[in-house]
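The next block holds one structure in the form of structure tokens; read it before the comments.
The values are calculated or read from the model by the stated rules, or taken from the named source; none is laboratory data. Quantities reported herein were computed from a predicted structural model and do not represent experimental measurements. Quick reminder, even Gly has a Cβ in these numbers, built from the backbone with ideal geometry, and neighbours come from all protein chains shown.
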Amino acid sequence: MDDDEVIRQLIAVNLQLEGFEVFTATDGQDCLDRVEQIQPDVITLDVMMPRLDGWVTATQLRRNPRTAKIKVVLITARAQEDDKDRGRQVGVDAYLTKPFDPGEMIRVVRELAGSPSTAFD
């Protein structure tokens with residue numbers, strides 16, 4: 001299992017434990033191929049992915065009227081201000097920097113999904 005798979009599983013397990021239904025994609029193209037069928041409330045994207053990176057994937061999601069309103073969380077090891085500016089320009093809804101706190105990721109996804117917070121927050 002490579003680092004990307006470990007992180008993908010970490011995100012999936014943490015969100016599933018919080019009651020979210022989770023679908024995973026292996027890369028940006030896989031996400032775009034499946035997103036209209038799944039119709040998720042929130043998509044988490046790593047910036048560094050094979051085939052289509054997170055920037056291109058987020059841009060494609062925003063350009064498609066059927067996916068433009070889906071909330072997008074970009075997860076990246078790149079924390080420079082110009083990366084965050086690029087995320088804002090692309091139209092992502094949140095930006096998490098690796099290594100990220102799973103609790104923070106859950107809070108962000110819950111907020112973007114419009115889910116009520118739990119009493120444990």
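Pull up the range 61-84, narrow it to residues that are touching a Lys or Arg at 6+ places or on another chain (Cβ under 7 Å) and under 17 Å from Met105 (Cβ atoms), then point me to the one that is surrounded by the fewest Cβ atoms within 10 Å (Cβ to Cβ). Per the criteria, the residue is Ala77.
Taking into account only those residues within the range 15-40 that are surrounded by 12 or more Cβ atoms within 10 Å (Cβ to Cβ) and more than 13 Å from the chain's Cα centre (by Cα), which is farthest from Asp53 (Cα to Cα)?
The first filter runs over the range 15-40 and keeps only residues surrounded by 12 or more Cβ atoms within 10 Å (Cβ to Cβ), leaving 15, 18, 20, 22-32, 34-35, 38, 40.
Next, from what is left, pick out any that are more than 13 Å from the chain's Cα centre (by Cα): 18, 20, 29-30, 34, 38.
Details: Glu18: 27, Phe20: 24, Gln29: 9, Asp30: 11, Arg34: 16, Ile38: 20 Å.
It comes out as Glu18.
Being farther than 20 Å from Gly114 by Cα, part of a loop (DSSP other than H, G, I, E, B), among the hydrophobic types (A, V, I, L, M, F, W, C) and free of Cβ contacts under 8 Å to residues at least 40 places away in the same chain is a property that does not hold for Leu32. Taking residues in the range 48-66 that are more than 7 Å from Gly28 (Cα to Cα), and partners anywhere that are surrounded by fewer than 16 Cβ atoms within 10 Å (Cβ to Cβ) and not small (Gly, Ala, Ser), the pairs with Cβ atoms closer than 6 Å and at least 6 places apart or on different chains are Arg66/Glu36. Residues of the range 85-103 that are among the charged types (D, E, K, R) and either surrounded by 16 or more Cβ atoms within 10 Å (Cβ to Cβ) or under 13 Å from the mean Cα position of the chain (by Cα) (or both): Arg86, Asp93, Lys98.
Given the criterion modelled with pLDDT under 95, β-branched (Val, Ile, Thr) and touching a Gly at 6+ places or on another chain (Cβ under 6 Å), identify the matching residue among Val47, Val90.
Working: Val90 fails: touching a Gly at 6+ places or on another chain (Cβ under 6 Å).
So the residue among Val47, Val90 that is modelled with pLDDT under 95, β-branched (Val, Ile, Thr) and touching a Gly at 6+ places or on another chain (Cβ under 6 Å) is Val47.
Condition test on Leu52, is it among the hydrophobic types (A, V, I, L, M, F, W, C), closer than 18 Å to Asp93 by Cα and more than 11 Å from the chain's Cα centre (by Cα)? Against the criterion (among the hydrophobic types (A, V, I, L, M, F, W, C), closer than 18 Å to Asp93 by Cα and more than 11 Å from the chain's Cα centre (by Cα)), Leu52 does not qualify.
Looking across the range 57-80, the residues that are under 20 Å from Ile11 (Cα atoms) and more than 14 Å from the chain's Cα centre (by Cα) come down to Arg78, Ala79.
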